[in-house]
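Dumping the structure here so I can ask a few things about it.
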């Protein structure tokens, strides 16, 4: 046993030789350290540096080599060539497109494994980076770019490699999920956002999160993993949560629905659709019970029915922890390179059930008029709630599935009805599709 | 066995050379097929054979080699040496200890990758198999042994390789979770079991499942993965669901609790505890909302807080699908070998909060007497419900955390109180410990 231990710890970083995890506890720190270059030193970068130091011994025991920050590059400190030169692995936490793209490419070309949490970059220039990594035989790991601490990238790349994925539904932004949870308890959007900012869950400028843009980039990456199709941010139709009223959440609750910002990546025959929008979920949906600053992803595939994974999503420490996991993986485990792209057409005409809310005059025949317009557009009504408020009434209803374009057409016509007092509000409803 | 075949299969499966997933789509089926030997042809075995055939083309596109059943061994069909000789990968779905152990060892010694779903065997003879696989440089994959379709083995072995896992809570038996879900809706244990049998979710002889033994073996395997400590079945304290009353579920609901059969593997300083028993979960616990024949596992670690994974658990098709995933992984990805064992002492004295139910005479002073005994044993009461029924009253209470031994001592003393009409029933309560 002791000969074997020495051997595996010596050979620990040879390509393809998996460093017997847990091997070489005694001699780990004696080996050459593993030099880690860190690009960027913001919230996540500093949390990563701290985590790396505090867990260095444990990682050394696992990898056979003690990780050491060999260089840090910020706008005001360090030069990229120096930092690159001394590194075994490069961790990119600058964010944004440039210079992150250029640095990662140069690191890959220099034969270094790279780890990044940069969703925008992967979404816009992923193919260039994946190709380079494949060509140079290095690992490009990005678990931290999607899903907080949930290992969704690995599960899609490895566990589900042989499965035919039909659909992914995800709550991939913890900030918006926190805000919606607060609103479900009666807070207004502004109050909920303020609370998120006070708790450090939302940034001072929350627009990337609340507009759905952050979620859109993450869903594009999941679509690439699940379907092999590169999807750029501008191809993802996204809608945020800024325009939601707490009323929407409260009425919907009466219909047994909960409101989440849901990303969807799905296969529709030989096309795919990737989109992000607020959606109502039936109480039985696996994502319906996910509240607070959490992320959760449900993957549907005929062979497995579905897997749901959830965990804390927002925060520098969680991201740093996912980055560290990637670093350990890059050093100990050979990776599956990203397979070459298989472009599929993007569908824009998707079907969905809808929740519809409209204020009307409280007179006989109003429900019939509204239902008539819906019927003319092929929308059949699944449930309806009518409630008087003074001389107004509120109609809240849920339709069966229909093409979104037809529903939008119907709501435009409903808005023009004489007896209608407010523009109808329509929000998609997601059921457990696999049942 | 043919040295030539072994060699050529070595080449395409060479460690570190990932058989370019997705590479060679065009030539995939032209390459030498991947020969799969199947040991056992019961429910899971036959589902696996069917799945393998129906997905052969997709797997070929992914692995570069078309998988083909090269031999099947059953009690009445095939000879092991012949089946072994023609195989590149051996899939063991016989179950039980012998001859499964002997066959797997011989396959490993012959340099074949092996895939198994055999939890009993891994629990009792895991170290022998892990050592052999490490020595012979072959993969031993067993995702299907624990957690249904949830990739919990891979997540623990790879994604969380660098994390310090504190605790795992799991619903790792879909059959009992289905039965408890039915009981929560008012069915008796016998009715719920009957329904599970009618639906094919429970076997004719359900004792492995309902006794907690199946869950115990799975928790032992998770403990090995999380803590490195080999745990045999007889070291796991387990308790099943046969003695539960639907009353327990109904009263508990009034206290805001749900009842599940929970496996726990946790670190207690430098010792570990592995156990399985019915437990009440607060509504906010990530496992509380898992109902029906599902599996779910929550992994707690300081760095990640927690990850929860859930998916369908019972059924031959799900197991077969997890086995197929392992087969694809074995052919395309080098595996992390199981690190050598790091034995930790097993703790028997664990602490928990408890739900306690006792029928008493409806007289003044009864609650004080019961609470007095609990107080004397260090059990402080967190919530209590008292309800009169004729000249009896039911006391249902939840305590704060205390050592289980002390609680058991207290319940023995309560049973002897004059005014007590039934033996107290005590069930552990699990909270979200990381908060």
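Readers should treat all values here as calculations from the given coordinates under stated rules, not as data from a laboratory. The structure presented is a predicted model; accordingly, all values stated were derived computationally and were not measured. Note that each Cβ is placed from the backbone with ideal geometry, even for glycine, and that neighbours are counted across all protein chains shown.
Calculate the length of the line joining the C-alpha centroid of region B:55-117 to that of region A:225-267, in whole Å.
45
What's the percent breakdown of Cα-Cα distances in the protein assembly as shown across 20 Å bins, shortest bin first?
14, 44, 34, 8, 0
Here's something else I'd like to know. To one decimal in nm, how far is residue A:387 from the same spot in the other copies, if labels go 7 Å from Cα toward Cβ? Please give the shortest first.
For residue A:387, the other copies' label points sit at 3.0 nm, shortest first.
How would you rank A:188, B:380, B:310, B:211, going from fewest to most other Cβ atoms within 10 Å of each one's own Cβ?
Ordered from fewest to most neighbouring Cβ atoms within 10 Å, A:188, B:380, B:310, B:211 come out as B:380, A:188, B:211, B:310.
Something else: Give me the number: length gained by fully extending residue A:250 to residue A:268, i.e. 0.36 nm times residue separation minus the C-alpha to C-alpha distance, one decimal in nm.
3.2 nm
Put the label 7 Å from Cα along Cα→Cβ for residue B:53; what are its distances to the other copies, in nanometres, shortest first?
Here the equivalent label points are 6.2 nm apart from this one.
Using only C-alpha atoms and all pairs of different ones, pull out the Kirkwood radius for chain B in Å with one decimal.
Roughly 23.3 Å, rounded to one decimal.
Among B:300-308, B:67-75, how do they line up from the highest to the lowest mean number of other beta-carbon atoms within 10 Å? All intermediate terms of the calculation are to be shown ahead of the outcome.
Details: B:300-308: 21.0, B:67-75: 17.8.
Packing proxy ranking, top to bottom: B:300-308, B:67-75.
Measure nothing but the geometry: give the 0 to 90° angle between the long axis through the Cα atoms of A:100-109 and the longest principal axis through the Cα atoms of chain A, rounded to 10°.
40
Let me ask something additional. For the peptides B:384-392, A:167-175, what is the packing order when you average, over each peptide's residues, the other Cβ atoms within 10 Å and list the highest mean first?
For the peptides B:384-392, A:167-175, the packing ranking is A:167-175, B:384-392.
A follow-up question, please. Output, in nm with one decimal and in ascending order, the distances from the residue A:33 label point to the matching label points of the other copies (7 Å from Cα along Cα-to-Cβ).
5.4
Pairs of alpha-carbon atoms within less than 8 angstrom and 6+ residues apart define the contacts here; what relative contact order does chain A have, in percent?
15
With each label point set 7 Å from Cα along the Cα-Cβ vector, what nm distance links residue B:341 and residue A:382?
5.3
Further question: Per-residue mean of other chain beta-carbon atoms within 10 angstrom of the beta-carbon, peptide B:52-59?
Values: counts 0, 0, 1, 5, 0, 0, 3, 2.
Average per residue, whole number: 1.
Testing the spin-label approximation: label points 7 Å from Cα along Cα→Cβ at residue B:416 and residue A:98. State their distance in nm.
Result: 8.4 nm between the two label points.
Whole angstrom only: what separates the Cα centroid of region B:165-182 from the Cα centroid of region A:178-192?
What the calculation gives is 32 Å, centre to centre.
Would you calculate the separation in nanometres between label points at residue B:361 and residue A:46, each defined as 7 Å from the Cα along the Cα-to-beta-carbon direction?
Here the modelled spin labels are 6.8 nm apart.
Mind checking the mean number of beta-carbon atoms from other chains within 10 Å of the Cβ atoms in A:317-329?
Mean shielding count: 3.
Show me the three semi-axes of the equivalent ellipsoid for region A:351-430, from the C-alpha gyration tensor (sqrt of 5 times each eigenvalue), largest first, rounded to whole Å.
Equivalent-ellipsoid dimensions as semi-axes: 20, 12, 10 Å.
Per residue of A:354-362, count partner chain C-beta atoms within 10 Å of its C-beta, then hand back the mean as an integer.
Neighbouring Cβ atoms belonging to other protein chains average 0 per residue here.
May I pose another question? Give me the Kirkwood hydrodynamic radius of region B:153-312 in Å, from all C-alpha pairs, to one decimal place?
That comes to 15.9 Å for region B:153-312.
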